[in-house]
Amino acid sequence: SLTEKTHAAKFIQLVIASMRQPLLVAGHTLTLGAGAGVAIAPGDGETAQDLFKHADLALKEAKRSGTGRARFFTRAMNSAAQDRLKLETELRVAADRGEFIAFYQPKVELKTNKIVGVEALARWCKPSGEIIAPGRFIETAEEIGLIGMIGEAVLKDACRMGARWTKMGYPIQVAVNVSPKQFDDTRFADKVLEALRETGLPPSHLELEVTESMAVS
């Protein structure tokens, strides 16, 4: 039983340090990392359920900070968790309503100063008219498994707009970012072909962008 924060901190650091010791497994040297989340009674909770819940929130914060870290529970973490739950609920509703669309960033050829292509960027357009940038929802969408649905919506929207520009006499390339989870989907190629067929965008006008790490893997 550790009732003092300083005592708990020393104990946790000893545990983390012991986990860093190299291990020899089947002729290979392995080094492990560890993180810790700490909640102390009675300030952080008077029941085992509350303590485990608050320690888990602290652990998640430790993971976000990197390996080999320890975090103590704070009331701010509880507030952040509630905000996160609210965001998750709103994202699920928004995905069902089709509130994710593409905005476009032009690609300009410096020699001619002409727009030769665009990059489709995901935006969350709320019914209130507020437009949310991806930095505020992409990470959460990935964690709760909605990134594929959002990516498909942006892909179709981009293909639809690209086809419209082509018919207007502006056959520019449309680039769409692909998330690792989308790329791992066994039906990914079929979904791309479906988007092209439904919108009429020539395949040569669609560019799929993947990250360097995804290309290597």
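The values are calculated or read from the model by the stated rules, or taken from the named source; none is laboratory data. All values reported here derive from a predicted model rather than from experimental measurement. Note that we place each Cβ from the backbone using ideal geometry, even for glycine, and neighbour counts take in every protein chain shown. Side chains included, ligands, DNA and RNA excluded: accessible areas come from the protein's heavy atoms. Shrake-Rupley method; radii C 1.70, N 1.55, O 1.52, S 1.80 Å.
General observations
- Full-stretch length increase - SER18, THR47 - with 0.36 nm per residue and alpha-carbon distance subtracted: 7.5 nm
- Here the stretch 16-112 has 56 percent of its accessible surface on carbon and sulfur atoms, given a 1.4 Å probe and all protein chains in place.
- Cβ-based net charge around ALA9, under 13 Å, with every Lys or Arg adding one and every Asp or Glu removing one: +3
- Pairs from the list LYS60/LYS156; LYS107/LYS191; LYS63/LYS107; LYS60/LYS86; LYS114/LYS181 with a Cα-Cα gap above 28 Å: LYS60/LYS156; LYS63/LYS107; LYS114/LYS181.
- For the chain: Kirkwood Rh in Å [reciprocal of mean 1/r, alpha carbons]: 21.1
- Cα centroid separation, the stretch 103-143 to the stretch 1-49 (Å): 42
- Surface exposure of the stretch 95-217, expressed per residue as accessible area with a 1.4 Å probe, stands at 60 Å².
- Extension gain, LEU85 to LYS191, is 35.2 nm, computed as 0.36 nm per intervening residue step minus the present C-alpha separation.
- Residue list for the stretch 151-190, given a label point 7 angstrom along the Cα-to-Cβ vector of SER217 and an amide N cut-off under 15 Å: 178-186
- GluC sites (Glu not before Pro) lying in DSSP loop within the stretch 98-159, provided at most 16 other Cβ fall within 10 Å: GLU130
- Classification of the stretch 124-217 by its C-alpha gyration tensor yields an oblate form. The axis ratio a/c (a ≥ b ≥ c) is 1.5 or more, and b/c is at least a/b.
- Length-normalised contact order for the stretch 38-91 - Cα pairs under 8 Å, 6+ apart - percent: 32
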